[in-house]
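Worksheet for the structure shown next.
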Amino acid sequence: MKEEFHLIDQLEIDQFLSRDEWIFLIEHRSDALERYLFEKSEAVRIREYGHDIYIRGLIEFTNYCHNDCYYCGIRKSNPNILRYRLSPSEILSCCHIGYELGFRTFVLQGGEDNWFTTKRMAEIVAEIHSHFPDCAITLSIGERSRESYQALFDAGADRYLLRHETYDPVHYRRLHPDSLSAVHRRKCLWDLKEIGYQIGTGFMVGSPFQTAENLADDLLFLKELNPQMVGIGPFIPHHDTQFAHEPPGTLELTLFLLGLIRLMIPKVLLPATTALGTISPQGRELGIRAGANVVMPNLSPTEVRKNYLLYDNKICTGEESAQCRGCLEQRMASIGYQVVVSRGDSRNRSI
C-alpha cells in the first residue's frame with residue numbers, strides 16, 4: 001500500500017501527523033485516496049454521533065464592519081453594499097421563529113460592528129437566554145477584548161465561533177490589513193477557551209497564496225487548540241474585493257480536509273457549510289458523507305439576507321426560514337441522515 005494510504009491509517013489510530021506528513025498527504029491527494037479516507041471518516045462520525053445532523057439557526061444581524069479584510073464582501077471600504085442592523089427585537093423575533101421550527105441553537109453572526117457594544121450585546125444575549133433557557137447561544141462577532149468575552153459569557157453565551165483563517169502570519173498579512181494579525185486572532189481563541197466557551201475555529205480552503213505548508217500549519221494548530229467545532233469552507237471570491245478574479249477553492253480539497261479533521265479530532269462538530277453548498281449543488285450532502293454533522297440554515301429576515309454576502313452567489317438568500325429547514329431535512333434524509341431537535345453539544349469536552 002502506498003505511503004499516503006498508510007498515513008490515513010496512522011491518523012485514524014494516533015489522531016496525529018507531523019507537519020511533513022500533513023504536507024505529503026495533501027500533496028498526494030487522489031480520487032482513490034479520497035474514497036479510502038471518506039469510508040473511514042464517515043464511519044468515525046457515525047460511531048461518535050450516529051446518523052444525527054445538528055442544525056444551528058443562523059442570524060446574520062449586522063453587516064457593518066470596521067475591518068477591511070481583503071477577501072470579504074462586507075469589508076468597511078466596500079461602497080456598493082447596503083448596510084443594515086437588526087434591532088434587538090428583530091433578533092429575538094428570529095429566535096422565536098427558529099424555536100417553533102425546532103432550532104435549539106442560535107448563532108448570532110455579524111461584522112465587527114462597534115454599534116453593538118459589549119453592554120448591548122450582553123443585553124441581547126441575556127434576553128435570548130431568558131426566553132429560551134433550553135437553547136444554546138453561539139456568538140460569531142470577531143475579535144474583542146477578554147473582558148468583553150467574559151461579560152458575554154456571564155450574560156449566557158455558550159459558544160463562540162472565530163475562524164483563525166490561516167495560521168501562518170505571512171499568509172495572514174497577505175489577506176488582511178496591517179491592523180489585524182494572526183497572533184492576536186489566536187490569542188482571542190485561547191482567551192475564549194480559558195473563559196469556558198465551547199469554541200469553534202477554522203480556515204478558508206484555497207484562499208489566495210495558500211500552500212500545502214499553510215494547510216499543514218492550520219491542521220497542527222487545530223490539534224493544539226482542540227476546539228469543539230471546526231468550520232472550514234472553500235474560498236469564494238467576491239466581485240467587490242481585490243481578489244475578485246482569483247480562482248475559488250475546490251470542492252475536492254475541502255471535502256478531503258473535512259475527512260482528515262474528522263479522523264484527527266473524532267468528537268469535533270463539523271459543519272457542512274453554506275459555502276460548500278454554494279460551489280456545488282450537492283456540496284453539503286457530500287460534506288456529510290465526508291464526516292460533517294452540522295448544517296446552519298439561515299433564520300435572518302429574507303429582506304436582509306442578500307446584503308450579507310461575504311462572497312458571491314451565496315445560496316438560500318431568498319428562502320423563508322421554514323423553507324431552509326424543510327429543504328435541508330429532505331436533503332439529509334435523501335442520504336440516510338436525520339435532522340434532530342437538539343442543542344447538539346460537542347462530545348469533545350476538553351476545554
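The values are calculated or read from the model by the stated rules, or taken from the named source; none is laboratory data. This is a predicted model, so every value here is computed, not measured. Every residue, glycine among them, receives a Cβ derived from its backbone with ideal geometry; neighbour counts consider all protein chains shown. The area values use the complete protein model at the heavy-atom level, side chains included, leaving out ligands, DNA and RNA. Shrake-Rupley method; radii C 1.70, N 1.55, O 1.52, S 1.80 Å.
Data table
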item	result
Rel. contact order, % - alpha carbon contacts under 8 angstrom, at least six apart, region 1-106	23
Those Cys residues of the chain for which no other cysteine Cβ falls under 4.7 Å	C65, C94, C95, C135, C188, C316, C324, C327
Region 296-332: trypsin sites (Lys or Arg not before Pro) falling in loop per DSSP and having at most 10 other Cβ within 10 Å	none
Vicinal HN-Hα couplings computed from phi for region 95-104 (Karplus, 6.51 cos²θ - 1.76 cosθ + 1.60; Hz; Gly/Pro x)	5, 4, 4, x, 4, 5, 8, x, 7, 10
Sequence-distant residues sharing a close amide H with I53 (under 5 Å, placed H)	Q338, V339, V340
Long-range amide H partners of V205 with built H, under 5 Å	G233, F235
Accessible area of the chain divided out per residue, in Å², using a probe of 1.4 angstrom	39
Which of E21, E123, E60 is most accessible, then next, and so on - probe 1.4 Å	E123, E21, E60
Estimated vicinal HN-Hα couplings, Hz - region 9-24 in sequence order (Karplus 6.51, -1.76, 1.60; Gly, Pro = x)	4, 5, 4, 4, 7, 8, 6, 7, 9, 6, 4, 5, 5, 4, 4, 4
Share antiparallel - DSSP beta bridges, region 81-227, percent rounded to 5	0
DSSP bridge orientation in the chain - percent antiparallel, rounded to nearest 5	5
Share of pairwise Cα separations in the chain, more than 32 Å, in percent	25
Chain lengthening between Q330 and D31 when straightened (0.36 nm per residue, less Cα-Cα)	104.8 nm
Semi-axes of the equivalent ellipsoid for region 1-96, Cα gyration tensor, largest first, Å	42, 22, 11
The chain - mean residue ellipticity at 222 nm from DSSP helices (-39,500 (n - 2.57) per run, n ≥ 4, rounded to 500)	-13500 deg cm²/dmol
Relative contact order computed over the chain (Cα-Cα under 8 Å; 6+ residues apart), in percent	25
Accessible surface of the chain, 1.4 Å probe, proportion on carbon and sulfur as whole %	51
Cα-based helix-to-principal-axis angle, 118-131 vs the chain, degrees rounded to 10	90
Length gained when the stretch K306-Q10 is fully extended (0.36 nm per residue, less Cα-Cα span)	102.1 nm
